[in-house]
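Participant: Okay, handing you the structure first.
The values are calculated or read from the model by the stated rules, or taken from the named source; none is laboratory data. Since we're looking at a predicted model, the values are computed, not measured. Every residue, glycine as well, gets a Cβ built from its backbone with ideal geometry; the counts of neighbours run over all protein chains shown.
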Amino acid sequence: MMAARTRATREGRARPSRAHTTPKALRTRRQILDCSLALFRERGFDGTSMREIASNAGLSLGSTYYHFPSKEALVLEYYRETQEAAERHNDETIEATDVFAERLNDLVDYKLEQLADDRRVVTALARTALDPSNALSPFHPGTWEIRDAAIAMIEKLVDGSDLKVHPELRPYVARFLWLYQMGILFLWLHDRSEGQARVARVVRGSQALLSALLPITAARLPGMRKTVRGLVALLRDLSFWEDPVDETARSVQRR
């Protein structure tokens, strides 16, 4: 078990080594990543091999493996790049408005726009989300950095907005909204309605409900404190990825 965790965290390490950060190495990594994404989009993740990626990138298989030890490592790099782009966009949104509903709407809309060209790839990868032992699952210990960055981005979105929420519930809002976004992505993958009108309706309707219901928790209404504590207990259980295994994986990654 420990060997499997160590291997998973090695494949999903947080940063390239110094040998991978020279200008030439960065160009090579970019070339490999771009070629891999093009093949994933054309043939799917399962239908693409590392040998084909190396051939399309004009590199030897050994050189390709030197920069990315597996297809999974390429996907994790893609995840990191999309997350970093989302963070930059989120910062722009935060500068433009303090209205929680507008910030949340922009967050989800941008994520869907980011993935629009990669629906086939994301659909294939979505199977991994159901397997917590898969290194590409968003709940796997090896993906903690990307997951934590996404939750921190949402925390930043909530912080400084006009959202009023019960103080006992406030520490859990970002994690709840991250799970909400994951649910929207799952629906987006399955929506076959024309122009994906169904997911658009769900996004607008759910965001209107969230913007209306979350502030109610801050109201001094009879029974509200008990209700909030029930919600907090539920959200703690839903944050099942925050267990001791994560801390083990993090300590291995940081060495």
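Participant: Let me confirm something: among Leu115, Leu125, which residue is among the aliphatic types (A, V, I, L, M), surrounded by fewer than 19 Cβ atoms within 10 Å (Cβ to Cβ) and farther than 22 Å from Arg27 by Cβ?
Facilitator: Of Leu115, Leu125, the one residue that is among the aliphatic types (A, V, I, L, M), surrounded by fewer than 19 Cβ atoms within 10 Å (Cβ to Cβ) and farther than 22 Å from Arg27 by Cβ is Leu115.
Condition check ((1) part of a helix (DSSP H, G or I); (2) among the β-branched types (Val, Ile, Thr); (3) more than 21 Å from the chain's Cα centre (by Cα); (4) modelled with pLDDT of 90 or more) across all residues:
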{"residue": "Ile151", "(1), (2), (3), (4)": "yes, yes, no, yes"}
{"residue": "Ile154", "(1), (2), (3), (4)": "yes, yes, no, yes"}
{"residue": "Lys164", "(1), (2), (3), (4)": "no, no, yes, yes"}
{"residue": "Ser206", "(1), (2), (3), (4)": "yes, no, no, yes"}
{"residue": "Leu213", "(1), (2), (3), (4)": "yes, no, yes, yes"}
{"residue": "Arg225", "(1), (2), (3), (4)": "yes, no, yes, yes"}
{"residue": "Trp241", "(1), (2), (3), (4)": "no, no, no, no"}
{"residue": "Glu247", "(1), (2), (3), (4)": "yes, no, no, no"}
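Participant: Would you mind telling me which numbered condition in (1) in a helix (DSSP H, G or I); (2) touching a residue at least 24 places away in the same chain (Cβ under 8 Å); (3) not hydrophobic (A, V, I, L, M, F, W, C) Asp106 fails?
Facilitator: The number of the failed condition is (2).
Participant: Another question about this same structure. Filter the stretch 80-103 for residues that are assigned to a loop (DSSP other than H, G, I, E, B) and not aliphatic (A, V, I, L, M); which is farthest from Gly195 (Cα to Cα)?
Facilitator: Filtering first and then ranking leaves Asp98.
Participant: Farther than 20 Å from Tyr172 by Cα, buried (at least 18 other Cβ atoms within 10 Å of the Cβ) and charged (D, E, K, R): which single residue out of Asp106, Asp91 fits that description? Give the steps one after another, and end with the answer.
Facilitator: Values: Asp91 fails: buried (at least 18 other Cβ atoms within 10 Å of the Cβ).
Sole residue among the options that is farther than 20 Å from Tyr172 by Cα, buried (at least 18 other Cβ atoms within 10 Å of the Cβ) and charged (D, E, K, R): Asp106.
Participant: Looking at (1) surrounded by 13 or more Cβ atoms within 10 Å (Cβ to Cβ); (2) among the small types (Gly, Ala, Ser); (3) at pLDDT below 95, which is the one condition that is false for Ser193?
Facilitator: (1)
Participant: Yes or no: Asn134 in a helix (DSSP H, G or I) and not β-branched (Val, Ile, Thr)?
Facilitator: Answer is no for this residue.
Participant: Can you find a residue that is modelled with pLDDT of 95 or more, closer than 23 Å to Ala124 by Cα, assigned to a loop (DSSP other than H, G, I, E, B) and of a type in the set (Phe, Trp, Tyr) anywhere in the stretch 68-75?
Facilitator: Looking through the stretch 68-75, at least one residue is modelled with pLDDT of 95 or more, closer than 23 Å to Ala124 by Cα, assigned to a loop (DSSP other than H, G, I, E, B) and of a type in the set (Phe, Trp, Tyr).
Participant: Is it the case that Ala25 is modelled with pLDDT of 95 or more and surrounded by 14 or more Cβ atoms within 10 Å (Cβ to Cβ)? Reasoning before the result, please.
Facilitator: Details: modelled with pLDDT of 95 or more: no; surrounded by 14 or more Cβ atoms within 10 Å (Cβ to Cβ): yes.
Spelling it out, it is not the case that Ala25 is modelled with pLDDT of 95 or more and surrounded by 14 or more Cβ atoms within 10 Å (Cβ to Cβ).
Participant: Name every residue in the stretch 47-66 that is assigned to a helix (DSSP H, G or I) and more than 9 Å from Ser36 (Cα to Cα), in order of residue number.
Facilitator: Going residue by residue through the stretch 47-66, those that are assigned to a helix (DSSP H, G or I) are 50-57, 61-66.
Selection gives Arg51, Ser55, Leu61, Gly62, Ser63, Thr64, Tyr65, Tyr66.
Participant: Which count do you get for residues in the stretch 166-182 that are assigned to a helix (DSSP H, G or I), of a type outside the set (S, T, N, Q) and within 18 Å of Ala101 (Cβ to Cβ)?
Facilitator: 7
Participant: Go through the stretch 111-142 and give me each residue that's hydrophobic (A, V, I, L, M, F, W, C) and within 13 Å of the chain's Cα centre (by Cα).
Facilitator: Those that are hydrophobic (A, V, I, L, M, F, W, C) and within 13 Å of the chain's Cα centre (by Cα): Leu112, Leu115, Val122, Leu125, Ala126, Ala129, Leu136, Phe139.
Participant: Of all the residues that make up the stretch 109-131, how many are outside any helix (DSSP H, G or I) and touching a residue at least 60 places away in the same chain (Cβ under 8 Å)? It would help to see each step written out before you state the result.
Facilitator: Looking only at the stretch 109-131, we keep the residues that are outside any helix (DSSP H, G or I), and these are 130-131.
Still in the running and touching a residue at least 60 places away in the same chain (Cβ under 8 Å): none.
Summing the residues that are outside any helix (DSSP H, G or I) and touching a residue at least 60 places away in the same chain (Cβ under 8 Å) in the stretch 109-131 gives 0.
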